[in-house]
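This report refers to the structure that appears directly beneath it.
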Amino acid sequence: MLNQYYGDYITVAVFVAIGAILVGGAVAANRAIAPRAPGGFKDVAYESGIEPIGGGWNQSHIRYYIFALLFLIFDVEAVFIFPWALQLEFFSSIGSGLTVLVEMFVFVGILLLGLVYAIRKGVLTWE
Amino acid sequence: MTVSIADWFKETANWVFILLAIPTLLGAWRTVTSNNIVRSVLYLVVSLGGAAAMFLSLGAAFVGWTVVLVYIGAVIILFLIGIMITRAPLGMKAELSHASNVRMPAALLSLSMFVLVAWGLIDAFSNTAIEPFEPTPTSDIANLIFSRFVVPFEVVSIVLLAALIGGIALARRDDGGGA
Amino acid sequence: MTVTVTWYLVLAAALFSMGAAGVLIRRNALIMFMSIELMLNSVNLTFVAVSKHLGLIEGQVAALFVMVIAAAEVTVGLAIIVAIFRFRSSANVDELSELRG
């Protein structure tokens, strides 16, 4: 069991290593091969046309934050659903399946109240 | 405890630990010291990824993948959006840190904390037996959550609900006044 | 001699110290939050390492709950930073002296 577990992750490690080599190799090859001539008009945002005024760093709308927030909360919810889904069959085989089912429905139900709140406050509308 | 360095490097587990510890520590170090706030977030990803791999190497697969799912997948997104909204200052002259007269005592303080805690830990755990880390099946965690930890589990949903409502109420632009 | 639980605990202590240094050194509230995440993660590492050492699973469940609390904390904390930013146009903590008596 022990070697099986770590053996499985060797595959993952190999893939991570290949990914790192691919990206690192591409960046290094770019560094090595590409000609470089810094300065001059290369630093302006547009090489032709009017020079931009002000910064390019605009404030994003708060709406994005609220969607990310909702995603995070329901992501955490999903984390608890995974082990539940894995063991529901086992729990029902020892006769406590209904209890565990209700437990999860209470959990999801409480979080659905939050979704209802978000909808009622109108933060989910994208105008 | 008379072991040579060469013996130490014969063990695969030691290699794995060192290989995972280096990016974890380096990522944490750069998160704290980087002058660019976006880079700081990305180094945090490296550090958390290393920590997740560390959990896997400890045999705690579920915790490790939860770190990937929750931290790297969601919390980092929240940080990046937070940076976009607060228009965090970029570039070398961005004053992200305190002046050096504050930095030095702070660094010394945390260094001394590390030395103290590490010394205590090594003192307390040095004579423990060497144990292989058996993988924990996710089903065991599920059995524990849904039997003994049911009440904390339900309370968690209320905490999440409070966070959700609090976050929306704070971040939402008020209909009336507000700036 | 292989890796024992001490190694993991010392690593967690190093991560925690770095996070603490980050909270003390940084002025930007977002980076301070990231440092707090580092500290929470190092505590999780401690939980899991010790739970492995003792052969118990409770430590891993505790780590899961810590992660949930961390997620909730980030949600509300960043919302507070965003709300403050709307009034102060700055995310630097030493410019926030509203609560000074």
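Values quoted throughout were computed directly from the atomic coordinates according to the rules given, and no laboratory measurement underlies them. Being a predicted model, the structure only gives us computed values, none of them experimental. Please note: Cβ atoms are built from the backbone with ideal geometry, for glycine as well, and neighbour counts cover all protein chains shown.
May I ask for the Rg/Rh ratio of region C:5-94, computed from Cα atoms with Rh as the Kirkwood radius, given to two decimals?
Rounded to two decimals, Rg/Rh equals 1.09.
Per residue, the protein assembly as shown reaches -24500 deg cm²/dmol at 222 nm when only DSSP H runs of four or more residues are counted, each adding -39500 (n - 2.57).
Amide H contacts of B:SER97 (H built 1.01 Å from N, in plane; Pro and chain starts excluded): C:ARG27 sit under 5 Å, all sequence-distant by 5 or more or on other chains.
Based on the Kirkwood radius over alpha-carbon pairs, what value in µm²/s does the Stokes-Einstein equation return for the translational diffusion coefficient of the protein assembly as shown at 10 °C and 1.306 mPa s? Let's see the in-between values first.
Values: Rh = 23.5 Å.
Stokes-Einstein gives a translational diffusion coefficient of 67 µm²/s.
Remark: C-alpha extents of chain A on the principal axes read 76, 52, 14 Å, sorted largest to smallest. Under the criterion of Cα pairs below 8 Å and six or more residues apart, the relative contact order for chain A equals 14 percent.
Close amide-amide hydrogen proximity is noted between C:VAL3 and B:ASN14, each under 5 Å apart and 5 or more residues distant or on a separate chain (H modeled in the peptide plane; Pro and chain starts excluded). In order along region C:23-38, phi translates into HN-Hα couplings of 4, 6, 7, 6, 9, 7, 4, 5, 5, 4, 5, 4, 5, 5, 4, 4 Hz, rounded to whole numbers, per the Karplus curve 6.51 cos²θ - 1.76 cosθ + 1.60 with θ = phi - 60° and x for Gly and Pro. The mean number of partner chain beta-carbon atoms within 10 angstrom of a residue's beta-carbon across peptide B:65-76 is 6.
Other protein chain C-beta atoms within 10 Å of residue C-beta, averaged over B:111-117: 4.
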